[in-house]
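Reading through the structure tokens given below for one structure.
Values quoted throughout were computed directly from the atomic coordinates according to the rules given, and no laboratory measurement underlies them. Just so it is clear, the model here is predicted, and its values are computed rather than measured. Every residue, glycine among them, receives a Cβ derived from its backbone with ideal geometry; neighbour counts consider all protein chains shown.
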Amino acid sequence: MKITQCTKRFHKRIAVDRLSASFDTGVIGLLGPNGAGKTTLLRCICGIYKLNEGSIEGAENGVGYLPQQFGMFRALSVYQMMEYFASLKKIPKHAQKDEIERCVELVHLSDRLSARISTLSGGMIRRLGIAQALLGNPEVILFDEPTVGLDPEERIRFKNVVALRRHQGITLISTHIVNDVEAVCDTILILNEGHLVTSGTSHQIAQLAYGKVYMLSEDQESNLHGLFFVKDRVEEDGTSYLRVLSPDAQPGKQIEPTMEDGYLCAIKNY
Amino acid sequence: MCHQKLLKELSIFRPMLRKMGAIYFVPHLFLYVLIPLLGIGYMLYHQDVESIRGLVFYDFQKFIPFMSIWWVLFGLNDYVEGDSSELLRVYKHSLLPDFWLIFGWYILHVVILFLIFELLLANYWGDFLLIVTQSLAFAGSAFCLLCVTRTLMVPFLGMLLYEIFAMLSNFGALAYVNLFSLQRMRGVSDFIIPYSIVLAVSCILPFLGDFFFQKRK
């Protein structure tokens, strides 16, 4: 997939600004704060939005898509709903049953095939949304905030499903939850205010915060100066410690950065 | 190839009707309960067959064209508004086949009603083309408005208001913008002027609606 100078404006507001990127087969994470342009970019890729400038190649053969918010037809059963999506995705009738069972199994909803959508919980509907995106094993799958409303076990299951697809096509996951992308994504793109800030592997992103993460005791807080961001407060052996990100030298000891540290440094331009 | 395409569209069509739940049966209530009951009432209280035919003909105009918007609006509204529209729009690029399938399905129901009345009172097929044209005008306008406004309320209320207008103001200059006919169709000439123009415009409306549906933001 190749995105070239992709620009999307809504009146005077620029949601995505001259963004270029290219992806090979694998799992790609789109990370960014709220309003960074992640959803707009996904909508441009799947054809909901028309680009103002630029082009997107590689999604012409149809995509699997899970939007941030979506509704299902409450009067239908899980199987009927999946059958409907299978028909929309033009999966041949004779192959639909096996394909539906495969996808429903992946999201752990096999025992709910005959249940009405109206009886499902929010998390189950989310899983059904993931299952419909997987139907037909499309070359490109776009997940927008896929783990919202999922319990920890189902989050792990989702990560495993994504990991299974690693060599089968492009899977794009948009989220602002760093943990969701850290474990499964081969490449991570960080977006902020419509711009691509940086991209790389989770290790490369973490290294953006190298030498900028400090651990100091709470009584040293008053000595902090310049630009800094208190990321965490932890209690250890009865003493409170602060985990601080800063581009300036600070009191306390420097520690090994995590990907979340790297992400925050990229967003805050440290 | 065309046959396969039709089969694919039919496989989407069935769940689309099913997802409406109980409201799917509202046109059935009008077509197969209300209209026949009114017809039986006319037969019981009127002696003159021609006046019964006239009353039934007016009921046809009152209920059949308006009910043609029901499945179009409630079957297709998920593609244009609400939580599911974003997802459905990714997978569905045109609503034109769905519109024609829904409309065809509705007309099939109307044919059954006409068959019933043909058996009871005879001499109704002359009006059939008029009712189909009026139904297409209602359904096409509702579909077009649905795609343009992307909300169910505007086409529904718009068509309801037009229905009330058509029932109450079929006289003077207002008759020119009223689809309802005061007299039954006794020959082709009754239909051609002015309904051939209405039919032609009504055929264009679904295409216009689909153009707006396909238009991306």
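Of note:
- Rounded to the nearest 5, the antiparallel percentage of DSSP beta bridges internal to the protein assembly as shown is 60%.
- Taking each residue as 0.36 nm, the span from A:ARG9 to A:GLU218 lengthens on full extension beyond its C-alpha to C-alpha distance by 70.7 nm.
- Between B:THR151 and B:ALA122, residue separation times 0.36 nm minus the direct Cα-Cα distance comes to 6.3 nm.
- For the pair B:ASN170 and B:VAL33, the difference between a 0.36 nm per residue extended length and the Cα-Cα distance amounts to 46.7 nm.
- Shape index of chain B: Rg/Rh, with Rg the Cα radius of gyration and Rh the Kirkwood radius from the inverse mean 1/r over Cα pairs, equals 0.99.
- Calculated FRET efficiency, B:ASP190 to B:ALA22, Cβ-Cβ distance, R0 = 35 Å: about 0.35 to the nearest 0.05.
- Taking A:MET259, A:MET82, A:MET215 as the candidate residues, the one with maximal mean-square fluctuation in a Gaussian network model of chain A, Cα springs under 10 Å, is A:MET215.
- A crude spin-label estimate for the pair A:ARG233 and A:THR25, with each label 7 Å from Cα along the Cβ direction, gives 5.0 nm.
- The calculated pair-distance distribution of segment B:24-123 uses every alpha carbon pair, bins of 10 angstrom beginning at 0, and gives 14, 38, 24, 14, 8, 2 percent.
- In chain A, Cα pairs under 8 Å separated by at least six residues give a relative contact order of 21 percent.
- Neighbour-count order for B:GLU86, B:GLU9, fewest beta carbons within 10 angstrom listed first: B:GLU9, B:GLU86
- Sites A:HIS167 and B:ASP83 - FRET efficiency at Förster radius 22 Å, r taken between beta-carbons, to 0.05: 0.10
- For chain A, the antiparallel share of DSSP beta bridges with both residues in that region comes to about 60%.
- Inter-chain Cβ neighbour average for residues B:48-56, partner chain, 10 Å: 0
- For chain A, built as a Gaussian network whose Cα springs stay under 10 Å, the top-fluctuating residue of A:PHE158, A:PHE228, A:PHE143: A:PHE228
- Relative intensity, log₁₀ I(q)/I(0), of segment A:161-213 from a Debye sum that treats every alpha carbon as a point, q = 0.16, 0.17, 0.21 Å⁻¹: -0.53, -0.59, -0.86
- Against the main long axis of the alpha-carbon atoms of chain B, helix B:2-18 sits at an angle near 80°.
- Scalar couplings 3J(HN,Hα) for segment B:28-35, obtained by applying the Karplus form with A = 6.51, B = -1.76, C = 1.60 to θ = phi - 60°, are 4, 4, 5, 6, 10, 10, 5, 4 Hz; x denotes Gly and Pro.
- Shielding score for B:6-15, defined as the mean number of other chain Cβ atoms within 10 Å: 4
- Per-q log10 I(q)/I(0), the protein assembly as shown, q = 0.07, 0.12, 0.14 Å⁻¹ (Debye; single scatterer per alpha-carbon; no solvent): -0.52, -1.07, -1.28
- Ordering A:ILE205, A:ILE91, B:ILE40 from the fewest to the most neighbouring beta carbons within 10 Å gives B:ILE40, A:ILE91, A:ILE205.
- Remark: mean inter-chain Cβ contacts per residue of B:204-217 equal 1, using a 10 Å Cβ-Cβ cutoff to other protein chain atoms.
- Only helical runs count toward this figure. For chain A, summing -39,500 (n - 2.57) over DSSP H runs of n ≥ 4 and dividing by all residues gives -8500 deg cm²/dmol at 222 nm.
- Helix B:96-120 axis, angle to chain B major axis (alpha carbon atoms, nearest 10°): 20
- Neighbours of A:ALA163, meaning other residues whose beta-carbon lies under 11 angstrom from its beta-carbon, give a summed charge of +3 when Lys and Arg score +1 and Asp and Glu score -1.
- Remark: A:ARG243, A:ARG166, A:ARG43 ranked as A:ARG166, A:ARG243, A:ARG43, counting other beta-carbon atoms within 10 Å and listing the fewest first.
- Principal semi-axes in Å for segment A:99-174 [√(5λ), Cα gyration tensor, largest first]: 20, 14, 11
- Pairwise FRET efficiency - A:ILE255 versus B:LYS5, Cβ, R0 = 41 Å, nearest 0.05: 0.10
- Radius, Kirkwood style, for chain A when every pair of distinct Cα atoms is counted (Å): 20.2
- A cut-off under 13 angstrom between Cβ atoms defines the neighbours of A:CYS6, and their net charge, with Lys, Arg +1 and Asp, Glu -1, is +4.
- The Cα center of segment B:93-114 and the Cα center of segment A:116-194 differ in position by 38 Å.
- Placing dummy labels 7 Å off each Cα toward the beta-carbon, the span from A:ASP151 to B:LEU182 is 7.1 nm.
- Helices in chain B, meaning DSSP H runs of at least 4 residues, each add -39500 (n - 2.57). Divided by all residues, the mean residue ellipticity at 222 nm is -25500 deg cm²/dmol.
- Cα centroid separation - segment B:134-202 against segment B:32-89, whole Å: 14
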